Amino acid sequence: EVQLQASGGGLVQAGGSLRLSCAASGFAFDDYAIAWFRQAPGKEREGIACISKSDGDSAYYAVAVKDRFTISSDMAKNTVYLQMNSLKREDTAVYYCAASKRYYGLANFYDIWGQGTLVTVSS
């Protein structure tokens, strides 16, 4: 069964940090491009971070999260992480991980999606 499982969300105060995890089953992350998306209340889903082995393991970020969020992978655990620092109230959203054999960057064209994990940032 091909699945992604996102976890690690929760309630955090502004300025704090969280690390989200995305565990893959049924496929290996090293054969796929991986991305994190989020959907805030009243807004469309947006890509915020992506990583691809075929692109030299380079990572790319949306302007809104650049220099605050870091995407990384652990192939031994078949898991991708999103380290979120200096969180702001506007980061409140449901966060999703996604995977595809093709690299789409931050575009919303990924084939495999995990369930979302809610991140709530309070003041």
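The order of Leu18, Leu118, Leu11, Leu106 by accessible area, most exposed first and with a 1.4 Å probe, is Leu11, Leu118, Leu106, Leu18.
When a 1.4 Å probe is rolled over the protein heavy atoms, the share of accessible surface on the chain that falls to carbon and sulfur comes to 46 percent.
Compactness of the range 51-123, taken as the C-alpha radius of gyration over 2.2 N^0.38 Å, stands at 1.16.
Pairwise inverse Cα distances across the range 49-92, averaged and inverted, put the Kirkwood hydrodynamic radius at 11.4 Å. Taking the alpha-carbon distance from Lys43 and a cut-off under 22 Å, which lysines remain once sequence neighbours fewer than 8 residues away in the same chain are dropped? Cross-link targets: Lys66, Lys88. Fully extending the segment from Arg102 to Lys88 would add 1.9 nm, taking 0.36 nm per residue of separation and subtracting the current Cα-Cα distance.
Protein heavy-atom accessible surface, 1.4 Å probe, per residue over the range 18-123: 50 Å².
The values are calculated or read from the model by the stated rules, or taken from the named source; none is laboratory data. Not measured: the values here are computed from a predicted model. With ligands, DNA and RNA removed, areas are computed over all heavy atoms of the protein, side chains included. Shrake-Rupley method; radii C 1.70, N 1.55, O 1.52, S 1.80 Å.
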